[in-house]
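Notes to accompany the following structure.
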Amino acid sequence: MDTLLREFRQAIRSLTRESSYTATVFVTLAFCVAANTAIFAIVYSVLLRPLPVPNAERIVLTSNRYPNAGVAVQNQSATGDYFERLQGVPALEHQALLRLTQRTVEIDGRPERLAAMEVTPSVFAVIGTGPALGRAFLAADAEPGNQQKVILSHSFWQQAFGADPAVAGRQLRLSGRPFTVVGVMSRAFTFIDPDVRLWVPLALTAEDRERFHSNNVINIGLLRPGATLEQAQAQVSAINAALLDRSPELREALVNAGFHSKVEPLSRMLIRDVEGSLYLLWYGALLVLLIGGLNIANLTLARWGNRVREVAARLALGATRAQLARQFLLETGSLAVAGGVAGVGLGAGLLFVLERFGLDRFPRAAEVRVDLTVTAVALALAIGVTLVLGLLPLTESLKMSISGVLYSQSRGATAGAGSRRLRQALVAGQIGLAFALLAATGLLLASFRNLMQVDPGFSSKGVFTASTSAATTAYPGDSDLRAMMQRALASLRNLPGVTAAGATSTIPFSSNTNDSVILAEGYVMRPGESVISPYQIIVTPGYFEAMKIPLLRGRYITPRDNETAPKAVVIDEFLANKFWPGLDPIGRRMYRPTSPKEMTPSANTEWLNVVGVVSSVRTRDLGGFGMGAYYFPYAQDPRQSVTFAVRGPDAAALAAPVRAAMAQVDPALPLFDMQPMERRAELSLASRRTALIVAMAFGSLALFLAGIGVYGVLAYQVARRRREIGIRMALGSTQRGVAILVLREGLLLVAAGLAIGLAGAALMRKVVETEIYGVRSFDPLVIGSAAALLAIIAVVASLGPARRAAGVDPARVLADS
């Protein structure tokens, strides 16, 4: 132990004497580890950490998919499927249904809209936990008419009831109806959506048992011990096959739609939209660490070149190669630990910064933290990379000739051609990795720029949005909702500066979307063609005008489209081209099948008259239109929950006037999710923007490290080849010729690195192409720009060594030798 402590102190003294080397390695490692700490903390918390409930790894999601119908990958099933699966999927020990929703609660005299979850009582058996106070739901609580029970989150219990331990049995009015509090969840409990504050029973009727392909619930289950996903998948698929046999009239339509059910871990539901981008960022962080490691290896080789005589002398005086290896390990290990610890601290700070750039938009963002697991992985990466790449001098010491070093005539001879080639290879590797990372960053930047330039089909500037939900107790009938809407729109339109106002069931870039099959009269599907499921949207008069959605044919929804008028529908240009290519759709008829078994018109079919065609709107995000959209008049299909769109000269200035106007209509109407439409568009790109900012930071760091690498190897070579350069100049070489020689070596390093980088970019191609929009994964402009940027950095890094080489005095060099 005394020997080890003495060698450790000697290692620290050695590092202290070479402060420039120590500081450079420390800073390089700290920044590289910081990048990996922050990204791995996100990846681990969002993608890898089990859900915070018991037996999380056994909880699965079963969802129905219709890819050919244009339905995006969804997480939902139908209630009829649930009842079939209860008996037909023995691989699942328990099953439950849930539905994310919202409820209006009056707090301190003001209505507030809270996230809620409707659940079957079996959900607590699936997740393996129940209320910390009170009881869970009973089967009787989910009987229709008896479901007015509620379980509170710990935070809402504190807010609404002051953490009263006797809260069970108290009353709480939800959306105007009294509910009895039966339990309170624990402080740490969170499941699927951390914003949920209320849990209420999901009551299922006899009709729900026969409701198939009307997917509006989430079906989860708990695998039995020893059962596998594959077994559950096979059993669910067998149920689907049996259902098709029972309904042969649906077979062709469902097969053409690509219908199938998917059994997968529940965590997939949360991470599906961000998984690719997060793994891409993690790959980028690892590349940054590897580039930093190569830089450390180069610095260590340079340091070895300066210490080779000292090492040879120590060996000649009796030191063993094992002792030297131990000293190198202590020196490198100390730096690795110090840089790693600093990097973990910087990574925690980086997470704080990322919160300001949209990290909270990622799923499970509240769980992201630098814990022991993240710290251990970050330190292991730091130590591993540093030890593997930073101990290259050990291989040199093992084959070093002591007499050759001690009796060499010049220090330059000690460097060796092998060591020089190794350093050049390391720099080429740095450049290659930096190029691959820059290319990926360039693709993300080009993709984001393309998305920012996309025409969403409306004008968001000047539009303020606010959502509300009318309580069924206050507005029990359609006539009540129509009257409320007329008063609300009149009040909003009378606000100073407001030029248009309307309401909709689905505002663009919100999660509140609904899709449903619609067909055109007389349309004959081709063999193998699938039905499509466009967005179904309810709008009031004035909505299209407020959003400035262009009218292409016919007219907008107007006040004459009331409950007594013929059923009207406005379609977008996608549906117009789908059903009537090259024809005028105005005056033609459409219909919605009331069930999957009624795909053809009958005597009871409700016909919809096409009165207008509008531009296609990007409803979910800026990446695409989906399978179109159709719009119904609000008066013909009133809804409890809507979002108002109010246009004025300054959207931000409309917040207070809109709240005041709605308070005059009904003070009990809750207003929530109030924000300018431009803000909604920004938030729809928040996760992409965060990924881009991080990627650009990684690219900049990689570019800097590559430049340092080029500078370091050329400067080292100039220092080692001073005698050779002096001889060249004595024999007639000019300063310009010597400078060009050094610059050429720098460009050769770049060329070799770009060749490596192209191979790396090709390997990353499939990962990148799923995360970009409107740009090819091997776009020549992006690839060329990344190569040009690296070449410029390399030339700039080469100028200093080239100038130093050109300034060599041949007379002094030859005299010294």
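The values are calculated or read from the model by the stated rules, or taken from the named source; none is laboratory data. Values in this document were obtained by computation on a predicted structure and should not be read as measured data. In this analysis, Cβ positions are derived from the backbone assuming ideal geometry, glycine residues included, and neighbour counts consider all displayed protein chains. Protein only, heavy atoms only, side chains kept; ligands, DNA and RNA dropped before computing areas. Shrake-Rupley method; radii C 1.70, N 1.55, O 1.52, S 1.80 Å.
A few points about this structure:
- Check on residue 51, part of a loop (DSSP other than H, G, I, E, B), within 26 Å of the chain's Cα centre (by Cα) and surrounded by fewer than 21 Cβ atoms within 10 Å (Cβ to Cβ): yes
- Residue check, residue 508 without any contact (Cβ under 8 Å) to a residue 40 or more places away in the chain and within 22 Å of residue 113 (Cβ to Cβ): no
- Scope the range 213-229; condition of a type outside the set (Val, Ile, Thr) and open to solvent by 40 Å² or more (accessible area, probe 1.4 Å); matching residues: 213, 214, 216, 224, 225, 226, 229
- Just one of (1) over 25 Å from residue 161 (Cβ atoms); (2) touching a helix residue (DSSP H, G or I) at 6+ places or on another chain (Cβ under 9 Å); (3) modelled with pLDDT of 95 or more fails for residue 213. It is (3).
- If only residues of the range 729-742 that are under 57 Å from the mean Cα position of the chain (by Cα) and closer than 18 Å to residue 714 by Cβ are counted, the one that is most open to solvent (accessible area, probe 1.4 Å) is 736.
Here's the yes/no breakdown for (1) at pLDDT below 90; (2) over 13 Å from residue 631 (Cβ atoms); (3) out of contact with any Gly (no Cβ under 8 Å at 6 or more places or on another chain); (4) of a type in the set (Val, Ile, Thr):
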residue: 505; (1), (2), (3), (4): no, no, yes, no
residue: 516; (1), (2), (3), (4): yes, no, yes, no
residue: 519; (1), (2), (3), (4): no, yes, yes, no
residue: 522; (1), (2), (3), (4): yes, yes, yes, no
residue: 527; (1), (2), (3), (4): yes, yes, yes, no
residue: 531; (1), (2), (3), (4): yes, yes, yes, yes
residue: 534; (1), (2), (3), (4): no, no, no, no
residue: 537; (1), (2), (3), (4): no, no, yes, yes
residue: 544; (1), (2), (3), (4): no, no, no, no
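- Of the residues making up the range 184-227, those that are under 30 Å from residue 598 (Cα atoms) and either part of a loop (DSSP other than H, G, I, E, B) or touching a Cys at 6+ places or on another chain (Cβ under 9 Å) (or both) are 202, 203, 204, 205, 206, 211, 212, 213, 214, 215, 216.
- Yes/no for residue 99 being more than 19 Å from residue 217 (Cβ to Cβ) and surrounded by fewer than 17 Cβ atoms within 10 Å (Cβ to Cβ): no
- Pairs with Cβ under 8 Å, 6+ apart, first in the range 687-705 and touching a residue at least 12 places away in the same chain (Cβ under 8 Å), second among the hydroxyl-bearing types (Ser, Thr, Tyr) and open to solvent by less than 10 Å² (accessible area, probe 1.4 Å): 688/447
- Hey, residue 87 at negative phi, in contact (Cβ under 8 Å) with a residue 40 or more places away in the chain and open to solvent by 30 Å² or more (accessible area, probe 1.4 Å) or not: no
- Filtered residues of the range 350-364 (kept if surrounded by fewer than 17 Cβ atoms within 10 Å (Cβ to Cβ) and either touching a residue at least 60 places away in the same chain (Cβ under 8 Å) or in contact with a Cys (Cβ under 9 Å, 6 or more places away or on another chain) (or both)): 357, 361
- Selection from the range 55-75 of residues that are assigned to a loop (DSSP other than H, G, I, E, B) and at pLDDT below 90: 55, 70, 71, 72, 73, 74, 75
- Enumerated strands (runs of 3 or more DSSP E) restricted to the range 565-662, each holding at least 3 residues that are touching a residue at least 60 places away in the same chain (Cβ under 8 Å) and open to solvent by less than 20 Å² (accessible area, probe 1.4 Å): 568-572, 607-614, 629-633, 641-647
- When we screen 755, 751, 762 for residues that are of a type in the set (A, V, I, L, M), within 33 Å of the chain's Cα centre (by Cα), surrounded by fewer than 17 Cβ atoms within 10 Å (Cβ to Cβ) and over 30 Å from residue 453 (Cα atoms), the only hit is 755.
Listed here are the residues, each with its yes/no results for (1) open to solvent by less than 40 Å² (accessible area, probe 1.4 Å); (2) at pLDDT below 85; (3) touching a Ser or Thr at 6+ places or on another chain (Cβ under 6 Å).
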residue: 374; (1), (2), (3): yes, no, no
residue: 378; (1), (2), (3): yes, no, yes
residue: 389; (1), (2), (3): yes, yes, no
residue: 395; (1), (2), (3): no, yes, no
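- Among the residues of the range 12-46, the ones that are surrounded by fewer than 19 Cβ atoms within 10 Å (Cβ to Cβ) and more than 25 Å from residue 329 (Cβ to Cβ) come to 0 in all.
- Scanning the range 487-516 for residues that are part of a loop (DSSP other than H, G, I, E, B) and either more than 30 Å from the chain's Cα centre (by Cα) or within 21 Å of residue 655 (Cα to Cα) (or both) gives 494, 495, 496, 497, 498, 499, 505, 506, 507, 508, 509, 510.
Residue-by-condition table, conditions (1) in a helix (DSSP H, G or I); (2) touching a Pro at 6+ places or on another chain (Cβ under 7 Å); (3) small (Gly, Ala, Ser):
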| position | (1), (2), (3) |
| --- | --- |
| 733 | no, no, yes |
| 736 | yes, no, no |
| 739 | yes, no, yes |
| 742 | yes, yes, no |
| 749 | yes, no, no |
| 757 | yes, no, yes |
| 767 | yes, no, no |
| 777 | no, no, yes |
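- Restricting attention to the range 145-182, the residues that are free of Cβ contacts under 8 Å to residues at least 40 places away in the same chain, within 39 Å of the chain's Cα centre (by Cα) and on the phi > 0 side of the Ramachandran plot total 2.
- Condition check for residue 493: in contact with a strand residue (DSSP E or B) (Cβ under 8 Å, 6 or more places away or on another chain) and closer than 18 Å to residue 559 by Cβ: yes
- Positions within the range 446-480 being surrounded by fewer than 20 Cβ atoms within 10 Å (Cβ to Cβ), more than 28 Å from residue 618 (Cα to Cα) and among the hydrophobic types (A, V, I, L, M, F, W, C), in sequence order: 474
- Number of the condition not met by residue 484 [criteria: (1) in contact (Cβ under 8 Å) with a residue 40 or more places away in the chain; (2) open to solvent by 70 Å² or more (accessible area, probe 1.4 Å); (3) closer than 16 Å to residue 637 by Cβ; (4) in a helix (DSSP H, G or I)]: (2)
- In the range 687-704, the condition of being open to solvent by 60 Å² or more (accessible area, probe 1.4 Å), aromatic (Phe, Trp, Tyr) and modelled with pLDDT of 80 or more is met by at least one residue.
- Within the range 448-494, the set of residues being acidic (Asp, Glu) and closer than 20 Å to residue 506 by Cα comprises 455, 478.
- Residue count for the range 179-196, restricted to those that are open to solvent by 30 Å² or more (accessible area, probe 1.4 Å), among the small types (Gly, Ala, Ser) and touching a strand residue (DSSP E or B) at 6+ places or on another chain (Cβ under 9 Å): 1
- Residues of the range 218-236 that turn out to be more than 21 Å from residue 56 (Cβ to Cβ) and in contact (Cβ under 8 Å) with a residue 40 or more places away in the chain, as a count: 1
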